[in-house]
Amino acid sequence: VSNSCAVFFPCRCHRCPHLPTRPYEKSEKPCMLSEYKERYPLYPITLPRGSFKPKEAYEAAQIPMEGTSTTKRDYIGHEVLPQKLKPPEKHVKSDETMDLTSTYKQDYNSYPISQVPPCLPCVMRHIPSTKMDTRTTYEDDYVPWSEPKTELIRPKNMFHPSEEKSDHRTIVQDDYLYRGPVATESCKPPNLVQKSKAPFENITNYRMNYVPHPLEKRYVHKYEKYKVNEVPFDSLTTHKVSYKGLAGHPAKLAKPYQPKLLHDLPFSSTTEFQEKYQAWPRPPVFTKKPDVYFPPLEKMDLHTTTQIHYKHPNGKPAKMCRSLAQLNKSTEPFNSSSVMKEDYKPWLCKRLKPITRAPELTFPAKPMDCLTTFQTHYVPHPLPVTKSYKPGWSGPKHHTLLDAKTIYATSYTPKSIVRCLASYKEPPGYTFEGTDADGHNLYLPASKSEILQGGH
């Protein structure tokens, strides 16, 4: 059976990682073929199909192009004649004399200028002729000494570290050894005070020596009446007494002489801006009449949420848990009067109660619809169909019909679904031969198995 071909069917779960399910030769080399390669063989490499897009070739017009343009056609050249220059007029000298006066010379006349003598006193300064010694006292007094540099007076560094290695232990670690906790006795003196059972006397030096005395009446200061001074007021100040005015000449007017204008016409109060740019008529301002106020018909509920929900509970005041101190009451009544209580006596005022009304608001029996203004007013409408304003394709149009045949439509024909032979308990058309070392079942086609048996 060396030349025969057997078929290998793996287990029904199709999880065999060793050999494929196809006829193979009994040899030591593993077969690299698989069921996928058997069903879907490699096809020869095909070139991509050609594009059916028409070529955008420029078609030149057969009519020859004109050499004229819109500028040449519309703008026709005219004959340009030379410009006739106007001869300049001859200058005729006039006999009138030129008036060299100006408004500045007429209005601003010059007046003699007198030099104002200085008011400062004349100081005679003596300027010496000798040269100034520019040396300072610092340069003369502080002259550097010519002495050698002093050596430093300090001991030589005789310290040399030892060559022995340090054990890194301190004096505390060597001398102060830990000897464990020590039981110490308390030095606190014993509390030898014995509590007496006699009642505590509440009499102090302050209560014995400081006796309350009656308060004297407050001294009221009497104000003296104002008396008018009989001596008349001189109305003199220190400025009037000390600084008396000196006799002097009145100041002269420094304003230059200004002659009257030749014409007596009144000055025009209007300007060019007022004549040309006149105000436009303003329209009346629109004012909206206020709406007439109508008071509401329903009465207002003056109750608040605090008054409705937070009511006073029917409880009792909390009892005091602290024990009352037993004090020895004195027979004399306590004098609680003071200056403040005698002068500022409290007024007899009654606390005003808040003015509240009985609830008059009646709640509706119908439940709330819980609809908002948006849900009631803004009703959804169907979307309008918008018209497409996309421009049409202006490219070249070809009347050639598209060939609907492709390589996939011609080559890849649909095939029927074949049931896997490994799903059968005993595949039809095959005979069982045996099992290999990996535990795979080996089958041979029925036609080949009969030929092999007849040959034997």
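The values are calculated or read from the model by the stated rules, or taken from the named source; none is laboratory data. This is a predicted model, so every value here is computed, not measured. Ideal geometry is used to build each Cβ from the backbone, glycine not excepted, and the neighbour counts take in all protein chains shown. Ligands, DNA and RNA are stripped out before the accessible areas are found, and what is left, the full protein with its side chains, is counted by its heavy atoms. Shrake-Rupley method; radii C 1.70, N 1.55, O 1.52, S 1.80 Å.
Every residue in the range 57-76 that is in a loop (DSSP other than H, G, I, E, B) and β-branched (V, I, T), please.
Those that are in a loop (DSSP other than H, G, I, E, B) and β-branched (V, I, T): I63, T68, I76.
Exactly one of these conditions fails for N109: (1) closer than 30 Å to T413 by Cβ; (2) surrounded by 10 or more Cβ atoms within 10 Å (Cβ to Cβ). Give me its number.
The single condition N109 does not satisfy is (1).
Show the residue pairs meeting these rules: Cβ distance below 6 Å; 6+ apart or different chains; first residue within the range 330-345 and within 17 Å of N202 (Cα to Cα) and open to solvent by less than 100 Å² (accessible area, probe 1.4 Å); second residue part of a helix (DSSP H, G or I) and not polar (S, T, N, Q).
From the range 330-345, no pairs qualify.
For the range 155-173, check the following and say yes or no: at least one residue is open to solvent by 100 Å² or more (accessible area, probe 1.4 Å), of a type in the set (A, V, I, L, M), under 30 Å from S338 (Cα atoms) and not in a loop (DSSP other than H, G, I, E, B).
Checked against the condition, which is being open to solvent by 100 Å² or more (accessible area, probe 1.4 Å), of a type in the set (A, V, I, L, M), under 30 Å from S338 (Cα atoms) and not in a loop (DSSP other than H, G, I, E, B), the range 155-173 yields no hits at all.
Just name the residue that is modelled with the highest pLDDT out of those in the range 414-456 that are surrounded by 10 or more Cβ atoms within 10 Å (Cβ to Cβ), of a type in the set (G, A, S) and assigned to a loop (DSSP other than H, G, I, E, B).
Going through the qualifying residues, I end up with G429.
Do we find that S394 is at pLDDT below 80 and within 30 Å of E201 (Cβ to Cβ) in this structure?
Judged against the criteria, S394 is not a match.
Against the condition modelled with pLDDT under 80, of a type in the set (K, R) and either open to solvent by less than 100 Å² (accessible area, probe 1.4 Å) or part of a helix (DSSP H, G or I) (or both), how does R12 come out, does it pass?
no
Being of a type in the set (G, A, S), within 30 Å of A254 (Cβ to Cβ) and loosely packed, with under 10 Cβ neighbours inside 10 Å is the requirement here; does S114 meet it?
Against the criterion (of a type in the set (G, A, S), within 30 Å of A254 (Cβ to Cβ) and loosely packed, with under 10 Cβ neighbours inside 10 Å), S114 qualifies.
When the range 65-79 is examined, which residues are found to be open to solvent by 100 Å² or more (accessible area, probe 1.4 Å) and either of a type in the set (G, A, S) or at pLDDT 80 or above (or both)?
Across the range 65-79, the qualifying residues are K72, R73, D74, Y75, I76, H78, E79.
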